[in-house]
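Q: So that we are looking at the same thing, I have put the structure below in structure tokens.
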Amino acid sequence: MSSPIIIYGVPFSQPVRAVLWLMLFKQMDFELSLVNPGSSSEKGSRHPDYLAKFPTGTIPSLEDKEAGFVLSESHAIMCYLCNKYDWTDLYPSDLEERAKVDSYLHLHHRNVREASIGLVAPKVRKDLNFPEDFLKMSQANIEKAFKAIEDGWLSKSRYLVGETLTIADMAAYVEIGQLQSLFTNIYDFEPFPNISRWLKDMQKVDHHDVIHVALYELGDISKEAPAMETIISANKKGVVAIHEELAKING
Ligand SMILES: N[C@@H](CCC(=O)N[C@@H](CS)C(=O)NCC(=O)O)C(=O)O
């Protein structure tokens with residue numbers, strides 16, 4: 001029997017959730033190997049053993065032991081998996097459609113991804129004391145990105161690229177979705193009717209709830225920052241939920 005692909009990370013991480021969602025959505029067996037972001041402890045993304053394989057020291061990363069292949073960067077991992085297993089429903093084979101998915105995936109990094117840096121991190125990690133001007137710049141980037149998604153990407157189609165779900169939606173939702181009232185409740189999407197509609201559609205995608213157990217557990221953080229114990233416990237419950245789902249896939 002072939003050994004499954006290993007995904008390194010924790011479900012509290014947005015880009016990790018995107019990769020795990022793709023794997024569960026395609027009912028693909030994998031091993032989730034827990035690695036804590038930014039930590040240099042044995043199970044941390046800055047430990048020398050992890051850095052030797054994944055020099056950027058971030059999660060998620062993928063390892064295919066049989067192929068002797070390792071890869072970091074969530075979007076590269078998602079594209080690789082779609083290419084390897086021919087998941088053209090989520091990563092279209094049509095050249096132009098695929099280019100549009102790629103376009104979103106590239107845009108994401110210094111734009112939508114700022115949601116975690118400018119809105120979530122300052123709530124969850126008050127100890128990091130982000131400088132005020134840094135947060136302002138980050139929040140301005142988010143507003144610009146949300147406006148482009150509202151008036152552009154989602155103004156003419158149900159999903160970011162066309163009428164069916166793609167990996168662009170998964171990558172975007174793990175960032176944007178975490179802000180909504182269903183989870184942390186730290187951003188009001190009322191001024192964005194297209195994004196609000198899309199958020200509701202994305203909640204119906206298979207495995208949405210399992211992938212977001214850590215966030216359901218964390219709950220509303222709009223009024224009060226969560227305690228570190230709450231974050232740790234939410235993360236643990238997220239891991240249990242994913243393991244249970246994997247057990248179902250393996251029958
Ligand atoms: N562009 C990367 C971002 C990955 C990333 O920022 N991961 C965070 C966790 S959400 C991390 O590993 N941080 C630890 C560090 O940078 O030391 C991707 O999409 O995979």
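Q: On full extension of the chain, what length is gained from Thr56 through Ala99, given 0.36 nm per residue of separation minus the C-alpha to C-alpha distance?
A: 12.9 nm
Q: Let me ask you something else. Let me have the relative contact order for the range 83-226, percent, based on Cα pairs under 8 Å that are six or more residues apart.
A: It comes to 25 percent, rounded to a whole number.
Q: Ok, one more. Can you sort Phe30, Phe54 by how many other beta carbons sit within 10 Å, fewest first?
A: Least crowded to most crowded, the residues run Phe30, Phe54.
Q: Still on this structure, please answer the following. Rounded, prolate or oblate, given the Cα gyration tensor of the range 1-140, with a/c below 1.5 counting as rounded? Display every interim value, and only then the final one.
A: Working: a/c = 2.32, a/b = 1.24, b/c = 1.87.
Since a/c reaches 1.5 but b/c is at least a/b, the shape of the range 1-140 is classed as oblate.
Q: Among Leu51, Leu218, Leu154, which one moves the most in a GNM of the chain with springs linking Cα atoms closer than 10 Å?
A: Maximum among the listed residues: Leu51.
Q: If we count GluC sites (Glu not before Pro) as exposed when they sit in a DSSP loop and have at most 14 other beta carbons within 10 Å, what is the longest stretch of the chain that avoids them all?
A: 67-162
Q: Write down the radius of gyration of the chain and its Dmax, each obtained from C-alpha positions, in Å.
A: Values for the chain (Cα only, Rg and Dmax): 17.6, 54 Å.
Q: Write down the Å³ per residue value for the convex hull defined by the alpha carbon atoms of the range 122-161. Present the calculation step by step, with values, prior to reporting the outcome.
A: On the way: hull volume 3.1 nm³, N = 40.
Convex hull volume per residue, Cα atoms: 79 Å³.
Q: Which helices, taking whole DSSP H runs in the chain, have alpha carbons extending 27 angstrom or more along the helix axis plus mean Kyte-Doolittle at least 0.0?
A: Working: long enough: 228-249 (32 Å, 0.30).
Sorted by number, the helices that extend far enough and score high enough are 228-249.
Q: Mean-square fluctuation check for the chain, GNM, Cα pairs under 10 Å: which of Ala241, Ala18, Ala214 is largest?
A: Answer for the Gaussian network model of the chain: Ala241.
Q: Quote to one decimal, in nm, the extra length available between Ile232 and Lys26 on full extension: 0.36 nm per residue of separation minus the C-alpha distance between them.
A: 71.4 nm
Q: With an 8 Å cut-off on Cα pairs and a minimum separation of 6 or more residues, tell me the relative contact order of the chain in percent. Let's see the in-between values first.
A: Numbers: 345 pairs, mean separation 49.5, N = 251.
Relative contact order here is 20 percent.
Q: Then there is this: Test of understanding: in a Gaussian network model of the chain with alpha carbons linked when under 10 Å, which of Ile176, Ile167, Ile221 would top the mean-square fluctuation ranking?
A: Ile221
Q: Now, a different point. P(r) tail for the range 95-210, what percent of Cα pairs lie past 26 Å? The partial results should precede the final answer.
A: Working: 1174 of 6670 pairs.
Counting pairs separated by more than 26 Å, the tail of P(r) holds 18 percent.
Q: Note down the nm distance, to one decimal, between modelled labels 7 Å out along Cα→Cβ at Asn129 and at Lys200.
A: Spacing of the two 7 Å Cα→Cβ label points: 4.5 nm.
Q: Checking a compactness column here: for the range 141-195, what do you get for Rg(Cα) / (2.2 N^0.38 Å), N being the number of residues?
A: Taking N as the residue count of the range 141-195, the ratio is 1.09.
Q: Determine, for Leu128, Leu135, Leu34, the number of other Cβ atoms within 10 Å of each Cβ, and report the residues in order from fewest to most.
A: Result, fewest neighbours first: Leu128, Leu34, Leu135.
Q: Which lysines have a Cα lying under 24 Å from the Cα of Lys147, excluding residues fewer than 8 positions away in the same chain?
A: The reachable lysines, counting only those whose Cα sits under 24 Å from Lys147, are Lys100, Lys123, Lys136, Lys156, Lys200, Lys204.
No value in this document is a laboratory result; all are computed from the given coordinates. Computed from a prediction, not measured in an experiment: that's the story for all the values here. When we count neighbours, we look across all protein chains shown, and the Cβ atoms used for this are built from the backbone with ideal geometry, even at glycine.
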